[in-house]
Amino acid sequence: MPYQPNDLLSRHFQEQLPDLISKVEEQLTQVSPDSPNLPIYRDMILTVLRMAQEDHNRWNAKITLQALRELEQAFRVLEQFKGRRKVTVFGSARTPVEHPLYTMARELGAALTRSDMMVITGAGGGIMAAAHEGAGRDHSLGFNITLPFEQHANPTVNGTGNLLPFHFFFTRKLFFVKEADALVLCPGGFGTLDEALEVLTLIQTGKSPLVPVVLLDVPGGTFWQGALDFIRQQLEENHYILPTDLKLMRLVYSVDEAVQQINQFYSNFHSSRWLKRQFVIRMHHKLSEQALEHMQDAFADLCLSDHFHQHAYSGEEHDEAQYSHLVRLAFAFNARNHGRLRELVDYINLPENWAHSKPQTTQRAREPSKVS
């Protein structure tokens with residue numbers, strides 16, 4: 001995508017732009033001559049040059065620098081864990097060791113590890129410490145926030161290469177969601193509720209890929225049930241949300257149920273992306289003709305036009321040939337009702353809807369949904 005100069009830029013900068021672009025591209029070609037991302041890096045550098053030319057505010061410059069440094073460091077550290085499925089676990093840092101929720105979170109970490117998944121938390125105490133304790137260091141990632149008062153990472157990740165410190169909450173939150181193939185939320189305070197609502201908003205609006213969101217409570221617990229009652233009575237009944245938005249989350253009362261929800265979500269569904277104007281779901285198993293025919297009517301409300309069609313990899317996704325063995329289900333998604341999209345995923349995950357074929361055993365690690 002070519003760099004689009006801002007009309008408000010000074011005439012001097014715009015006059016210099018062709019020469020700047022040429023010099024930037026020359027330097028980038030020397031650094032990484034074969035990278036398909038050169039146009040993106042070029043525009044990033046030109047954006048910084050534009051900021052330098054305007055030079056309005058030192059605080060703005062410091063925020064930009066700190067954010068870029070945090071993003072670059074996180075991308076670099078997390079590259080070594082690429083290809084591993086990850087689950088972000090949220091919950092109160094104040095949950096005491098003797099509380100039943102602490103025990104559940106520790107068991108959750110261990111159970112996720114047995115399913116070959118890593119555990120991401122905010123690296124603090126309480127639920128976060130318990131989940132990491134159960135998962136162990138090699139299966140744990142901690143995204144810690146640096147605060148002006150004393151803040152320590154839990155013993156499992158403290159002092160290891162599995163700990164990432166963040167200065168900004170917004171960059172930390174980005175990676176909580178970006179790296180997650182699933183999210184499990186245990187009871188907690190303002191922070192936990194903030195994370196729960198933000199995650200749901202991102203998925204509801206399509207700003208984050210669809211992943212399982214599991215609300216975990218102790219047997220007989222009322223924390224999440226009370227929250228869901230409020231959402232139904234105040235949000236759904238007042239039409240602030242769609243009734244199907246509630247499908248984006250599942251309430252469970254045991255660790256086994258939580259892990260089963262995640263594994264079931266990926267039993268056939270692999271990942272999704274936008275390809276031009278088509279929404280593409282990658283699947284491990286081809287759907288039967290009967291199931292595909294039933295979908296045309298049962299989920300017609302998800303389509304803007306045409307209908308669902310499945311096909312093999314055709315080479316259009318030239319940047320993701322590693323997924324060439326997966327079946328594609330494509331349709332013109334309305335990009336609005338993601339709760340209904342979750343119902344569609346549940347439908348394609350039912351084994352009775354699969355065509356008879358040899359099961360795939362390929363392990364999955366989600367890449368973010370992309371726009372092409």
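Readers should treat all values here as calculations from the given coordinates under stated rules, not as data from a laboratory. Everything numeric in this text was worked out from a predicted model, so none of it was measured. Cβ coordinates were reconstructed from backbone atoms using ideal geometry, including for glycine residues, and neighbour counts include every protein chain displayed.
Tabulated results
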| quantity | calculated |
| --- | --- |
| Whichever aspartates and glutamates have a C-alpha closer than 17 Å to that of LYS276, once near sequence neighbours (fewer than 8 apart) are set aside | ASP306, GLU316, GLU317, ASP319, GLU320 |
| Within-15-Å neighbourhood charge of HIS56 [Cβ basis; K, R +1; D, E -1] | +1 |
| Euclidean distance between Cα centres, region 110-162 to region 241-255, Å | 26 Å |
| Residue (of LEU38, GLY161, CYS186) at the positive-pole extreme of the chain, dipole from beta-carbon charges | GLY161 |
| Under 21 Å from the Cα of LYS286 - lysines, other chains or at least 8 residues apart | LYS358 |
| Over region 247-317, relative contact order from alpha-carbon pairs under 8 Å, at least 6 apart, % | 18 percent |
| Region 146-218 - percent relative contact order, Cα under 8 Å, separation 6 or more | 32 percent |
| Straight-distance crosslink candidates among lysines, where the alpha carbon sits under 18 Å from LYS247 and sequence neighbours closer than 8 are dropped | LYS207 |
| Once exposed loop chymotrypsin sites (Phe, Trp or Tyr not before Pro) are cut out (DSSP; at most 10 other Cβ, 10 Å), longest piece of the chain | 1-148 |
| Shape category assigned to the chain from the gyration tensor of Cα positions, a/c cut at 1.5 | oblate |
| 11 Å beta-carbon shell around ILE127, net charge (K/R +1, D/E -1) | +1 |
| Relative contact order computed over the chain (Cα-Cα under 8 Å; 6+ residues apart), in percent | 14 percent |
| Potential lengthening between THR160 and TYR313 on full extension [0.36 nm per residue; Cα-Cα distance subtracted] | 51.1 nm |
| Sparsely packed GluC sites (Glu not before Pro) within region 72-131, loop by DSSP, other Cβ within 10 Å at most 15 | GLU98 |
| VAL87 long-range amide H proximity, modeled H, under 5 Å | MET118, VAL119, ILE120, ASP181 |
| Net charge over other residues, Cβ less than 15 angstrom from the Cβ of ARG76 (K, R count +1; D, E count -1) | -1 |
| Antiparallel content of DSSP bridges confined to the chain, in %, to 5 | 40 percent |
| Coil-residue trypsin sites (Lys or Arg not before Pro) of region 67-99, DSSP, other Cβ within 10 Å capped at 11 | LYS82 |
| Table column - 3J(HN,Hα) (Hz), region 321-326, Karplus curve with 6.51, -1.76, 1.60, x for Gly and Pro | 5, 5, 9, 5, 7, 8 |
| Two-site FRET efficiency, HIS294 against ARG232, from Cβ-Cβ distance with R₀ of 30 Å, rounded to 0.05 | 0.55 |
